[in-house]
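Read the structure below first, then the notes.
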Amino acid sequence: MNWNNIGDSIANILLYSAFLYSAILFIFSIFIALYSVGATEEYMHKNEFTDYQLLASSIHVPSVSILAPAYNEGATIIENIRSLLSLYYTNMEVIIINDGSKDDTLQKMITAYQLEKIDFFVRYQIKTKEVRGVYKSKSPVYKKLTVVDKVNGGKADALNVGINVSKNDYIVCIDVDCILEQDAILKMIKPFEEETDKKIIASGGVVRIANSCEIKDGRLIKVHLPENYWARMQSLEYIRAFLLGRMAWARMNGLLLISGAFGAFNKEIAIKSGGYDHNTVGEDMELVMRMRRYMEERNLPYKVTYIPDPLCWTEAPTNAKILGRQRNRWTRGTIETLKFHKKMFLNPKFGVIGMISYPYWFFFEMMAPLVELAGFIGLLIMAFLGMVEWSICLAFFLFIVSFGYMYSAFAIYMEVRTYNMYKRRKDIAMLLLTSFTEPFFFHPFVVWAAIKGYVDYIRKKKSWGEMTRQGFGPVAQKK
């Protein structure tokens, strides 16, 4: 037996497998990027003829319930509620669900908004933890505000309580630490009314990073690129993911994920699908997949849409510890969701979802960290055994890094060409410079956090992990 020949064969198999995996990912990435351009331009052209001021004052707009779970959000809760109440939308209610906070979140809301406990019958269409009380304001100024206090059960359970308490036709689910643009609800609900031949069951919107931005009285005053490296790197990530990726997936009606930070849903379909699943930490993705599965299995025509406008601004993690917990949770949520809906994998009955979206998420989102780790370990072993063609490896590495830079540059170009939220040339230059550090620092960290997510999934860990907030204000902006 010639061990050298066997070793060479194994090395070739690994090399060609890595090349094939990368080639498919590159081709798909290019397609997604280019396909998103048409979708974005089509949306912007259509919106040129929309008078949102007229819609904002109309009493005929669809009724909307904004659901915002809150757990230990005392640092930002008052300003966030102020932001929600100031939105340009006539027919809406704002429901804050206090999910058993251990800090002063509830007391701050009671004091700031003159809340009092009322008699309220909760119709448990979806099973949830116990509701301790429902609060309304004594002041007519805050008549749109409802605060629900409940036993702690997690974000999914809190959102289900919000669905049970809500009285309107559509629900908009957001993270309470988010700041929405004033016309965000108008733009998010518009697709539900435009489509006639297919029912819109959900709609997503762009989420941007609010760190270092100027925010006053719950409103975004001025946009700045985050000063903190971790937050700045996430700004680039979000531009790529939202402006390129999700626009393309929505255009082909294959979108599987609407960010938990900001998404709108048809309440009737959400309830019929069973609401949010509290058995996963990826409840946002899981609900979208379950709603889609509900419609597909009944052969009902439907769409999941996406809005490219920067409608929602959120506070991003500013240190490795908190960011690592977030990416750990995202990985576990993805694994759980794909496992729950494995019936859809390569199943032609589910159309685009079964044949394209699910396989893509399985191979290039869920499996990507494992593939990268396996590749790195394989390279170390082959290097130790002297089986590595370093010239080929170097060329391959340079190609991957160069492609990543080009993809990031294209995403930044699309941002400037479309909504151009970062007006200063300095910010654009900083974004480009930040992208150069990604392959050597940020990306390996994210992969490592995802691997830890796999480990925690195997250990059956279900917790979110503490996600501390600095809050919006002068202190947060300086950090």
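The values are calculated or read from the model by the stated rules, or taken from the named source; none is laboratory data. Predicted model, so just to flag it, every value in this text is computed and none were measured. Cβ placement follows ideal geometry from the backbone for every residue including glycine, while neighbour counts extend to all protein chains displayed. Protein only, heavy atoms only, side chains kept; ligands, DNA and RNA dropped before computing areas. Shrake-Rupley method; radii C 1.70, N 1.55, O 1.52, S 1.80 Å.
Looking for whichever is over 30 Å from residue 47 (Cβ atoms) and surrounded by fewer than 17 Cβ atoms within 10 Å (Cβ to Cβ) here; the options are 117, 108. Which one fits?
Numbers: 108 fails: surrounded by fewer than 17 Cβ atoms within 10 Å (Cβ to Cβ).
Testing whether each residue is over 30 Å from residue 47 (Cβ atoms) and surrounded by fewer than 17 Cβ atoms within 10 Å (Cβ to Cβ) leaves just 117.
All but one of (1) in contact (Cβ under 8 Å) with a residue 60 or more places away in the chain; (2) within 21 Å of residue 134 (Cα to Cα) hold for residue 36, so report the exception by its number.
Result: residue 36 fails condition (2) only.
Give the residues of the range 177-207 that are of a type in the set (Lys, Arg) and either on the phi > 0 side of the Ramachandran plot or in contact with a helix residue (DSSP H, G or I) (Cβ under 8 Å, 6 or more places away or on another chain) (or both), sorted by residue number.
Kept after step one, since they are of a type in the set (Lys, Arg), are these residues of the range 177-207: 187, 190, 198-199.
Answer for the range 177-207, where residues must be of a type in the set (Lys, Arg) and either on the phi > 0 side of the Ramachandran plot or in contact with a helix residue (DSSP H, G or I) (Cβ under 8 Å, 6 or more places away or on another chain) (or both): 187, 190, 199.
Just to be sure before I move on: is residue 460 touching a residue at least 24 places away in the same chain (Cβ under 8 Å) and part of a loop (DSSP other than H, G, I, E, B) in the structure I sent?
Values: touching a residue at least 24 places away in the same chain (Cβ under 8 Å): no; part of a loop (DSSP other than H, G, I, E, B): yes.
For residue 460, the condition - touching a residue at least 24 places away in the same chain (Cβ under 8 Å) and part of a loop (DSSP other than H, G, I, E, B) - is not met.
Among the listed residues 281, 288, identify the single one that is open to solvent by less than 20 Å² (accessible area, probe 1.4 Å), of a type in the set (Val, Ile, Thr) and touching a Lys or Arg at 6+ places or on another chain (Cβ under 6 Å). First the steps, then the outcome.
Numbers: 288 fails: touching a Lys or Arg at 6+ places or on another chain (Cβ under 6 Å).
After applying the criteria, what remains is 281.
Could you check the range 296-316 and list, in sequence order, the residues that are over 30 Å from residue 48 (Cβ atoms) and either buried (at least 22 other Cβ atoms within 10 Å of the Cβ) or of a type in the set (D, E, K, R) (or both)? Show your work before the answer.
Step one: filter the range 296-316 for residues over 30 Å from residue 48 (Cβ atoms), giving 296-300, 315-316.
If the condition is that a residue be over 30 Å from residue 48 (Cβ atoms) and either buried (at least 22 other Cβ atoms within 10 Å of the Cβ) or of a type in the set (D, E, K, R) (or both), then 296, 297, 298, 315, 316 are the ones that fit.
Anything in the range 364-406 that is closer than 30 Å to residue 457 by Cα and of a type in the set (D, E, K, R)? List them, or say none.
365, 372
From (1) modelled with pLDDT under 95; (2) within 24 Å of the chain's Cα centre (by Cα); (3) open to solvent by 80 Å² or more (accessible area, probe 1.4 Å), pick out the condition that doesn't hold for residue 376.
(2)
What are the residues in the range 418-449 that are loosely packed, with under 13 Cβ neighbours inside 10 Å and closer than 19 Å to residue 206 by Cβ, if any?
420, 423
State whether one or more residues within the range 74-89 are open to solvent by less than 40 Å² (accessible area, probe 1.4 Å), without any contact (Cβ under 8 Å) to a residue 60 or more places away in the chain and assigned to a strand (DSSP E or B).
No, the range 74-89 contains no residue that is open to solvent by less than 40 Å² (accessible area, probe 1.4 Å), without any contact (Cβ under 8 Å) to a residue 60 or more places away in the chain and assigned to a strand (DSSP E or B).
Looking for something modelled with pLDDT under 95, in contact with a Lys or Arg (Cβ under 9 Å, 6 or more places away or on another chain) and among the polar types (S, T, N, Q) - is there at least one such residue anywhere in the range 129-143?
no
Could you pull out every one of the helices (runs of 4 or more DSSP H) wholly within the range 163-253 that has 3 or more residues that are of a type in the set (D, E, K, R)?
Ranges flagged: 184-194.
Consider residue 187 carefully, then state whether it is under 20 Å from residue 52 (Cβ atoms) and crowded, with 19+ Cβ neighbours inside 10 Å. Walk me through it before giving the result.
Working: under 20 Å from residue 52 (Cβ atoms): yes; crowded, with 19+ Cβ neighbours inside 10 Å: yes.
The answer is yes for residue 187.
Are there any pairs with C-beta distances below 7 angstrom linking a residue in the range 325-347 that is surrounded by 19 or more Cβ atoms within 10 Å (Cβ to Cβ) to a residue that is polar (S, T, N, Q), with the two at least 6 apart or on different chains, and if so which?
Sorted first by the residue in the range 325-347, then by its partner, the pairs are 333/280; 336/280; 337/280.
Condition first: over 15 Å from residue 418 (Cβ atoms) and open to solvent by 10 Å² or more (accessible area, probe 1.4 Å). Now tell me which residues in the range 231-240 satisfy that. Talk me through it step by step, then tell me what you get.
Kept after step one, since they are over 15 Å from residue 418 (Cβ atoms), are these residues of the range 231-240: 231-237.
Result: 232, 237.
Looking only at residues that are within 15 Å of residue 111 (Cα to Cα), part of a strand (DSSP E or B) and charged (D, E, K, R) in the range 136-162, which one is most open to solvent (accessible area, probe 1.4 Å)?
136
Of the numbered conditions (1) open to solvent by less than 10 Å² (accessible area, probe 1.4 Å); (2) under 14 Å from the mean Cα position of the chain (by Cα), residue 226 fails exactly one; give the number of that condition.
Failing condition for residue 226: (2).
Which is within 29 Å of residue 240 (Cβ to Cβ), among the aromatic types (Phe, Trp, Tyr), at pLDDT 90 or above and open to solvent by 90 Å² or more (accessible area, probe 1.4 Å), of 31, 19? Before you say what the answer is, go through the steps one by one.
Values: 19 fails: at pLDDT 90 or above.
Within the list 31, 19, the selection yields 31.
Mind checking which pairs have a first residue in the range 15-30 that is part of a helix (DSSP H, G or I) and a second that is exposed (fewer than 13 other Cβ atoms within 10 Å of the Cβ), Cβ under 8 Å, 6 or more apart or different chains?
Partner pairs satisfying both residue conditions: 15/392.
Please go through the range 241-265 and give me each residue that is more than 20 Å from residue 209 (Cα to Cα) and surrounded by 21 or more Cβ atoms within 10 Å (Cβ to Cβ), ordered by number. If you could, list the steps in order and put the result at the bottom.
Within the range 241-265, the subset more than 20 Å from residue 209 (Cα to Cα) is 248-256, 265.
Selection gives 248, 249, 250, 255, 256, 265.
Could you list, in sequence order, all residues of the range 270-310 that are assigned to a loop (DSSP other than H, G, I, E, B) and among the aromatic types (Phe, Trp, Tyr)? Give the derivation first.
Within the range 270-310, the first condition is being assigned to a loop (DSSP other than H, G, I, E, B), and the residues that meet it are 273-282, 298-301.
The one that is assigned to a loop (DSSP other than H, G, I, E, B) and among the aromatic types (Phe, Trp, Tyr): 276.
One line per residue, one yes/no per condition, for (1) closer than 30 Å to residue 77 by Cβ; (2) touching a Pro at 6+ places or on another chain (Cβ under 6 Å); (3) in contact (Cβ under 8 Å) with a residue 24 or more places away in the chain; (4) among the β-branched types (Val, Ile, Thr):
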{"site": "195", "(1), (2), (3), (4)": "no, no, yes, no"}
{"site": "199", "(1), (2), (3), (4)": "no, no, yes, no"}
{"site": "220", "(1), (2), (3), (4)": "yes, no, yes, no"}
{"site": "273", "(1), (2), (3), (4)": "yes, no, no, no"}
{"site": "308", "(1), (2), (3), (4)": "yes, no, yes, no"}
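Could you list, in sequence order, the residues of the range 37-73 that are of a type in the set (A, V, I, L, M, F, W, C), surrounded by 17 or more Cβ atoms within 10 Å (Cβ to Cβ), in contact with a strand residue (DSSP E or B) (Cβ under 9 Å, 6 or more places away or on another chain) and not in a loop (DSSP other than H, G, I, E, B)?
Of the range 37-73, the ones of a type in the set (A, V, I, L, M, F, W, C) are 37, 39, 44, 49, 54-56, 59, 61, 64, 66-68, 70.
In the following step, the residues that additionally are surrounded by 17 or more Cβ atoms within 10 Å (Cβ to Cβ) were identified as 37, 39, 55, 61, 64, 66-68, 70.
Subsequent filtering for residues that are in contact with a strand residue (DSSP E or B) (Cβ under 9 Å, 6 or more places away or on another chain) retains 39, 61, 64, 66-68, 70.
Once the filter is applied, which keeps residues that are of a type in the set (A, V, I, L, M, F, W, C), surrounded by 17 or more Cβ atoms within 10 Å (Cβ to Cβ), in contact with a strand residue (DSSP E or B) (Cβ under 9 Å, 6 or more places away or on another chain) and not in a loop (DSSP other than H, G, I, E, B), the range 37-73 yields 39, 64, 66, 67, 68, 70.
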